[in-house]
Every structure is written in C-alpha cells, then in structure tokens.
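What follows is one structure encoded as structure tokens, with my remarks underneath.
The values are calculated or read from the model by the stated rules, or taken from the named source; none is laboratory data. Predicted model only: the values in this text are computed from it and were never measured. Neighbour counts run over all protein chains shown; Cβ positions are idealised from the backbone, glycine included. Side chains are part of the model used for accessible areas, which takes the heavy atoms of the whole protein and leaves out ligands, DNA and RNA. Shrake-Rupley method; radii C 1.70, N 1.55, O 1.52, S 1.80 Å.
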Amino acid sequence: MGKQYKFTLTEKDIPEAWYNINPDMPVNPAETAWNAVLHPGTREPATPEFLSVLFPMRFIGEAVSLDRWIEVPEPVRDVYKLWRPTPLFRAHRLEKALDTPAHIYYKYEGVSPVGSHKPNTAVPQAFYAKEEGSAGFTTETGAGQWGSAMSMACSFFDLECHVYMVKVSYQQKPYRRIIMEQYGADVTPSPSNKTEYGRNFLAQYPDSPGSLGIAISEAVEAAVTSQGKYKYALGSVLGPVLTHQSVIGLEALKQMEMAGEYPDVVIGCVGGGSNFAGLAFPFLHQNFTNGKNTRIVAVEPTACPTLTKGEYTFDYGDTAQMAPIVKMHTLGHDFVPAGIHAGGLRYHGMAPHVSALVDNGDVEAIAIDQLETFEGAAIFSRAEGIVPAPESSHAVRAAIDEAVKCKEEGVSRVIVFNLSGHGLFDLAAYDDYMQGKLKQYAYPEEKIKAAMAHLPEVSL
Ligand SMILES: *Cc1c(COP(=O)(O)O)cnc(C)c1O
C-alpha cells in the first residue's frame, strides 16, 4: 500500500485525562508548585485568595495537584472534537529533500479553527470560569494567536472576552484583531487609557509600541478591579496550561505506536513553553518512568534567549510587577523585545516547569536566529506544503538541523517535532524575509545583565 504519510486517530482517542507532570518532576516541588508562586507585593507565597481573584478555582486546584492524570471534562472534550485528534505526519518529502536517513514526524496543531495549539487550554479555562459563574475574561495577546483562541473559547461558553493587544501588533496585524471581533471579543491596543497602569505608562512613554509584559499588566489590573466579574486568562507559562496542552503528546504517543516507531529526539519551539511541554512532557514521562531515553529539545529565538542566556531566578510575570513572582529563566520583567517576527516567542520568562527541567538537565535548550528559521520554513513549505507559523519554524529548523546531522553521521534517528501552528496570518513576515528585510539579531548580553539589577528580592 505504499508509504503512509498521515497517522490519524478517531474522536474516541481524544485523551480522557491530561498528563500532569507535577508528581514526576525530578526537582524540588517547591520550585515549581503553586507554593513557590509569590505575591508581587508582599513577596511571600501567594494565597489561594489572591490567586482566586485572577483564576478560576478549578484552575488553581490543577496547579497544585499531585495527581498524575486530570480528567478532561466532558464539555471540554466535546469542543476538542471540533478539530482533535490532530494529525501526525511522516515528512517523507522533507526527508527526501534533505536526503537524510532520519525519519521525521510532525504533530500538526495548525488544524484548530484559529490555526494553533492555543485553544487546547483556552477551552478548559473558559469552561471553568463559566462553571464558577464568571461573566468572562480579560486577557492579553501579542500577535493575536492567544487572543483569538480565548475569544473563540469564550464564544463557545457564552462569556465576554476583553483582550489587550500589544499596540504594534494591533496596528500592523489587523487580521487577528478581526478574528477576535468575529468571535465577539472587544480588543484594545495596549498600552491603553482603560487602566491606571496603561494611563501612567502612556504619560511617560506616549509612543510606546507596547509589550507582552505591559499588556499582561493591563489585563491583570482589569480583572483585579472588576469586583469578581472577570477572571484573567494566561495562554502559557502556568502549570495547568502545560497540563491542558498534554493532549498533543498523549495523542502523538499513540500515533507513533501506529507508525511502529519511537522518537530518539522530540523538539518544540518555546515562547512561554506550552506547546513544547504539550508534546514533550508525555515523552518525558516515558523517560522518567518507562526506561526511555529520548532527547528533549526546546528551541527559542536568539532575539529572546530566555533559556539559553537568561538567569534562573525569581522574577515578576509582568512589567508592572502585579502578576505573581515565580522561579524561572528570565531576561528581566522590563524586557522590551526587538520587533522580530515570531511574535509568540517574545515573553521575558519561561514556564517554571520547563525552566526547572532545563536546569536539571532533562531538557536541552538551543537558540536559532530568525533568518535561519525562515530559511528552514521555506525548505519545509516546498516539501510538505504547509506554511508554518514563524514560531513553529524554530522547531522546523531544529528538526532539519537534526536530520542533516543524521546524514553527516550516517545514522537514522527518529525525530518528532511540534508544528504548533500555520503561518497564514503571518505572510507579511514571510514577505519581509523574501524581500531581504530581515536581519540577524541576538539580544545583547549587557541588556540582560542590566535587567538583573531589577529582580525582586525574595527570601526563598
Ligand atoms: C503562542 C504560540 C507559540 C509560543 O507559545 P508557547 O506557550 O511557548 O507554546 C508557539 N507557536 C504558536 C503557533 C503560537 O501561537
């Protein structure tokens, strides 16, 4: 029957439980559990009362849970059925283009209605808020992927969605804003006049292009001052988000079994760490408990080198120092990124779980320049057809490099990477690349050093 290109599951294969890595973390749980989440004002461990102002209780419960398996609620599974299970592809054509003995597979999350993995967590977060009687959410978005996922999830559960969108993206990338509005959300360019933080920031920096850290501060303030009406949704970084994303890896485990292979290398791009963790943690679970020895590789941009150049320490989750303090790799909470195109990879911090695993040597971290990632994306599109999101292109490029190494070494390895989304709303970035407008860019070491002077002092 010739070669098989796609490994597809049926709706009954959508996992009934997410994988929660908390009980399997090989490092001190105090460094990743909710008890190492500090209140930004007191810098003491945050209380459930403080956190419950921001997040649904069920979400907080997941963050501290030591249950390895957390049930996917039926209403969430029902929404997942709109696009899940997602396909796993064997990249035969890419292998041929690279003339490599490697076997390359990719899990494709771009088949969701908004074109990325993000609805995997937006949907349960919306469901929990509905269940607990909230009127809706405030949230932030950079390039708009998270905002569009959250807007869609809110529309499914009849909730309001108020999105603070980084101003430069709001102005330059109207399509994502239009999608959010199509789902009924209201979208505000950040910094804005709607919050006290935004007003103060604008008074000081009227021409600010905004940043994810600033938008988070505005969204958090809007939730905190809503007298319980709105919860705040975060699309990455937090433990429960990583748990929700584990549907990716749990499906991929089954699909690799269908393919009759097991990965030697698992690769994902990292912004806050959620799509990477989603694919990688179920394979790490096999490393920890089942004698497997898969290399797990996280790929970030040289323009935002959180894991490879940042410090592993306590820092604020946002610029205004209103979001909780956690221990993570960080470039400093006042990080303002260069205008690189992988908008989803520009957060100053990293998921505490991912940071701890890198620090402990369970996960490798590498950084790739944007020019190389666009070059990798072109090789991939011409072989496989899909135009990857610029974020995902980091994983694409890392997989290509691994496959080329296999050729040089004359060995056949099995490579699995996460194609976290498609790039059909990012064509302006591709245009810039093709017109030679993109430059190599590495975030300067001096800036990281300077930012470390502003870290919170904590007594842990
Ligand atoms: C948001 C986004 C990312 C980065 O976020 P993570 O939490 O690190 O996964 C990566 N890829 C795509 C397509 C995204 O939309």
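Scanning segment 351-362 for residues that are crowded, with 24+ Cβ neighbours inside 10 Å and under 22 Å from E402 (Cβ atoms) yields V354, L357. Of the candidates G410, G385, G423, G436, the single residue that is on the phi > 0 side of the Ramachandran plot and in contact with a helix residue (DSSP H, G or I) (Cβ under 9 Å, 6 or more places away or on another chain) is G385. Filtering segment 294-332 to residues that are farther than 30 Å from V414 by Cα, open to solvent by less than 10 Å² (accessible area, probe 1.4 Å) and polar (S, T, N, Q) leaves only T330.
With away from the ligand (no atom under 16 Å from the Cβ), open to solvent by less than 10 Å² (accessible area, probe 1.4 Å) and under 23 Å from S355 (Cα atoms) as the only criterion, which of P282, P263 stands out? None of the others qualify; the one that does is P263. Residues in segment 374-398 that are assigned to a helix (DSSP H, G or I), of a type outside the set (G, A, S) and farther than 15 Å from V299 by Cα: 5 in all.
With respect to (1) open to solvent by 30 Å² or more (accessible area, probe 1.4 Å); (2) assigned to a helix (DSSP H, G or I), the lone exception for R77 is condition (1). As a summary of the residue check, G343 satisfies the conditions (1) modelled with pLDDT of 90 or more; (2) on the phi < 0 side of the Ramachandran plot; (3) of a type outside the set (D, E, K, R) except for the one numbered (1). Here S116 fits the description: under 22 Å from R84 (Cα atoms) and either touching a strand residue (DSSP E or B) at 6+ places or on another chain (Cβ under 6 Å) or within 14 Å of the ligand (Cβ to nearest atom) (or both). The one condition from (1) open to solvent by 10 Å² or more (accessible area, probe 1.4 Å); (2) in a loop (DSSP other than H, G, I, E, B); (3) of a type in the set (A, V, I, L, M) that A365 does not meet is (2).
Please go through segment 291-320 and give me each residue that is assigned to a helix (DSSP H, G or I) and of a type in the set (A, V, I, L, M, F, W, C), ordered by number. Let's see the steps before the verdict.
Kept after step one, since they are assigned to a helix (DSSP H, G or I), are these residues of segment 291-320: 306-309.
Passing the criteria: only L307.
What residue, among those in segment 193-221 that are surrounded by fewer than 24 Cβ atoms within 10 Å (Cβ to Cβ) and of a type in the set (G, A, S), is farthest from the chain's Cα centre (by Cα)? Residue satisfying both the conditions and the ranking: A203.
Please indicate, with yes or no, whether at least one residue in segment 399-413 is at pLDDT 90 or above, touching a Gly at 6+ places or on another chain (Cβ under 7 Å), open to solvent by less than 20 Å² (accessible area, probe 1.4 Å) and assigned to a helix (DSSP H, G or I). Yes, segment 399-413 contains a residue that is at pLDDT 90 or above, touching a Gly at 6+ places or on another chain (Cβ under 7 Å), open to solvent by less than 20 Å² (accessible area, probe 1.4 Å) and assigned to a helix (DSSP H, G or I).
Exactly one residue out of A223, A252 is within 16 Å of the ligand (Cβ to nearest atom) and in contact (Cβ under 8 Å) with a residue 24 or more places away in the chain, and it is A252.
Output the residues belonging to segment 80-107 that are of a type in the set (D, E) and either surrounded by 15 or more Cβ atoms within 10 Å (Cβ to Cβ) or at pLDDT below 95 (or both). Break it down into steps so the answer makes sense when it comes.
Narrowing segment 80-107 to residues of a type in the set (D, E): 95, 99.
The answer is E95, and nothing else.
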